[in-house]
Amino acid sequence: MELAATGRDGPDAARRQPSAPIFPSLPVCLGGALGWGALMAAGALLSLTLQGRAENFQLVRILVIYFAGGLVAWPLALPLARFLTRHRPFETRFAAHFALLSLGTIAVTAFLFALDYRLFYAQWHHAPGTRIWIYQFVFTIAGAVYQFLVMGLSLYLPVGLPVVAGASLWLSRSIPRSIR
């Protein structure tokens, strides 16, 4: 009886619009990406300073890798988090943004670090396309990702957790009502 009163699709049918946008607006996407990249680079710089390692000849390269990791991860994580949390409660949206933004930033930064690492060691590798080169490529990338996880992940820590929590809180509250 109640279905007949509310319509065939139930009381939430008007809220569930398949055409609701999951992609953030251009200012949120581009401005957020630049801001997120800058925050990740600033966090790495602060961490290096607190550890007494900021006087490094590779400082600019490190900061560029962390900036680029944040810059690329932001526009990848936002639509995915919005898509996965359509019509979900606030807590779910917050958790998804927190997890995807954290893991996405770490993954992209580790990948960029691995590419930089690979560029350095490529001078001693065999010619591209050979079987030995493939082994060298795979194991160099794997070693670089491991090294990033062991040593590079700590550069996110005094600043990273509160920043990702604040960004996740802001993002989970700013989602348009049409996809909440």
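So that you can scan it fast, the table gives a plain yes or no per residue for (1) part of a helix (DSSP H, G or I); (2) aliphatic (A, V, I, L, M); (3) over 15 Å from Phe94 (Cα atoms):
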position	(1), (2), (3)
Gly129	no, no, yes
Ile132	yes, yes, yes
Val138	yes, yes, yes
Val145	yes, yes, yes
Leu149	yes, yes, yes
Val159	yes, yes, yes
Pro162	yes, no, no
Leu169	yes, yes, no
Self-check item: Members of region 33-51 found to be touching a residue at least 40 places away in the same chain (Cβ under 8 Å) and among the small types (Gly, Ala, Ser), listed by number
Solution: Ala33, Ala42, Gly43, Ala44, Ser47
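Here is a yes/no grid of residues against (1) of a type in the set (Gly, Ala, Ser); (2) under 18 Å from Phe23 (Cα atoms):
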residue: Ser47; (1), (2): yes, no
residue: Gln51; (1), (2): no, no
residue: Leu71; (1), (2): no, yes
residue: Leu78; (1), (2): no, yes
residue: Glu91; (1), (2): no, no
residue: Gly104; (1), (2): yes, yes
residue: Ala114; (1), (2): yes, no
residue: Phe120; (1), (2): no, no
Self-check item: Single residue of region 76-93 satisfying the filter (hydrophobic (A, V, I, L, M, F, W, C) and surrounded by 20 or more Cβ atoms within 10 Å (Cβ to Cβ)) that is farthest from Val64 (Cα to Cα)
Solution: Ala81
Quiz item: So how many residues does region 94-106 have that are surrounded by 17 or more Cβ atoms within 10 Å (Cβ to Cβ) and either in contact with a strand residue (DSSP E or B) (Cβ under 7 Å, 6 or more places away or on another chain) or under 13 Å from Tyr156 (Cβ atoms) (or both)?
Solution: 5
Exercise. Tally the residues that are among the aromatic types (Phe, Trp, Tyr) and more than 17 Å from Val108 (Cα to Cα), restricting the search to region 21-62.
Key: 2
Quiz prompt | Subset of region 90-129 [within 16 Å of Leu78 (Cβ to Cβ), of a type outside the set (Gly, Ala, Ser) and in contact (Cβ under 8 Å) with a residue 60 or more places away in the chain] | solution = Arg93, Phe94, His97, Phe98, Leu101, Thr105
Quiz item: Considering only region 110-133, how many residues are surrounded by 13 or more Cβ atoms within 10 Å (Cβ to Cβ) and over 19 Å from Val64 (Cα atoms)?
Solution: 5
Quiz item: Mind checking which pairs have a first residue in region 149-160 that is more than 15 Å from Arg53 (Cα to Cα) and a second that is of a type in the set (A, V, I, L, M), Cβ under 6 Å, 6 or more apart or different chains?
Solution: Val159/Leu46
Exercise. Count, please, the residues in region 52-72 that happen to be free of Cβ contacts under 8 Å to residues at least 40 places away in the same chain and of a type outside the set (A, V, I, L, M, F, W, C).
Key: 6
Exercise. Hey, can you tell me all the residues within region 21-64 that are more than 20 Å from Pro162 (Cα to Cα) and under 13 Å from the mean Cα position of the chain (by Cα)?
Key: Cys29
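Of a type outside the set (Asp, Glu), assigned to a loop (DSSP other than H, G, I, E, B) and within 17 Å of Trp170 (Cα to Cα), is that true of Arg88?
Numbers: of a type outside the set (Asp, Glu): yes; assigned to a loop (DSSP other than H, G, I, E, B): yes; within 17 Å of Trp170 (Cα to Cα): yes.
Answer is yes for this residue.
Here, each number is a calculation from the coordinates, and none is a lab measurement. All values derive from a computational prediction rather than experimental measurement. As a convention, Cβ positions derive from the backbone with ideal geometry for all residues, glycine included, and neighbour counts pool all protein chains shown.
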